[in-house]
1. If the reach is capped at under 12 angstrom between alpha carbons, list the aspartates and glutamates near LYS299, excluding any in the same chain fewer than eight residues apart.
2. Under a point-charge model restricted to the Cβ atoms of Lys and Arg (+1) and Asp and Glu (-1), what is the dipole moment magnitude of segment 1-152 relative to its Cα centre, in debye to the nearest 20?
3. Which helices count as membrane-span-like in the chain under these terms: full DSSP H, at least 15 Å along the axis by C-alpha, Kyte-Doolittle mean of -1.0 or more?
4. Quick one: putting +1 on the C-beta of Lys and Arg, -1 on the C-beta of Asp and Glu, what dipole do you get for the chain around its Cα centre, in Debye to the nearest 20?
5. Out of every Cα-Cα pair in segment 1-152, what percent are more than 25 Å apart?
6. Work out the charge dipole of segment 154-320 with +1 on the Cβ of Lys and Arg and -1 on the Cβ of Asp and Glu about the Cα centre, then indicate which of PRO257, LEU177, GLN199 is farthest towards its positive end.
7. Given the options ILE101, TYR10, PHE235, identify the residue whose Cα lies farthest towards the positive end of the charge dipole of the chain (+1 on Cβ of Lys, Arg; -1 on Cβ of Asp, Glu).
8. Straight distance only, please: which lysines reach the Cα of LYS180 with their own Cα at less than 16 Å, same-chain residues fewer than 8 apart left out?
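Nothing in this text is a laboratory measurement; each read-out follows from the coordinates by a stated rule. Everything quoted here is computed from the prediction, not taken from an experiment. Cβ placement follows ideal geometry from the backbone for every residue including glycine, while neighbour counts extend to all protein chains displayed.
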Amino acid sequence: MLSRVADSIYWMTRYIERAENIARFINVNLNLSLDMAPNISSAWQPLVMTTGDYEIFKKRYGTDYSRENVIQFLALDREYGNSIISCVAAARENARSVREIISSTMWEQINRSYLLLKDATKSGAANKDPHRFFKDITALGHMFTGLLQTTISRGEAFHFALLGQFLERADKTSRILDVKYFMLLPTPENVNSPYDVIQWGAVLKSTSGLEIYRKQFHRIVPKQVCDFLIFDPNFPRSIHCCLTNAKWALNKITDTPRNAVHNPAEKSLGRLCADLYYSDIDDVISAGMHEYLDDLQTKINQVGIDISEAFFKMPDNRMEQTSVQVQ
């Protein structure tokens, strides 16, 4: 496979996963704000913090973390490279360049998402009916994932798509857990209070994990939530599960024998998976939750750089993205 084609497929799924995650975060926060004072900055600021692009927000909107500003920034700001509309536009451009590789239904799904967002910038749908709008965006992402699984053969293209998807998903789970953990450190009187439970329930909803967690553990306990989102091997959005699947996809691409490595990407991803396999939540707490997750994000970024150098022959400059102008 040409490196250009692999690069486009890898980033196509990363952008779609990124857009879907942002839509889910916003919709969860809309529901959470019903249990809190409406439109207060403390309810919406964590979403900007999760992206890591709060400095960009500050330059464009100051310190006004109102619902309208945050939704505009994260969803429809064409000059912000990680907004939903910019991610979908970038995914569409990547998909356009590999239309002969992906299925026609995958292309149609991405194009449909793009047109929905383009219309939303004109109609104001994101503010008129935000719950429905972001639920629709999330559903479009889920449909794309389903089409990826059912309409493309299990060759290199499929595995590059999975590699991008799972790395992006692991990164987003680590970021939301890091920011939410920092923002939700409770005062002693709030520990195990209804407010505490609501907040940690929102963390689980942001990763679509509340129902699965409830069936397994019943009660929401912060330490257990962190353990679940980092180490659970069976939850599809846990960091451990995502990186294990990414490693499997990478091994399929390189056809590397068990316990062998062919390039720095396999080495860095294998080491990261081994660290997760042999660690537990007590190790994380001993090291410090924020410190552990910050280090984990750095390592995930390094895996992305190693993948780009190994397969795409270009520096990984898309982690800090430029905006995509939507016509």
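1. Output for LYS299: ASP171, ASP275.
2. About 220 debye.
3. Result, helices passing both filters: 3-33, 41-51, 84-97, 104-123, 130-150, 156-183, 194-206, 239-254, 264-277, 289-307.
4. That gives a dipole near 900 debye.
5. Result: 30 percent of Cα pairs exceed 25 Å.
6. PRO257
7. Projecting each Cα onto the dipole axis, the largest value belongs to ILE101.
8. Reachable lysines: LYS172, LYS205, LYS223.
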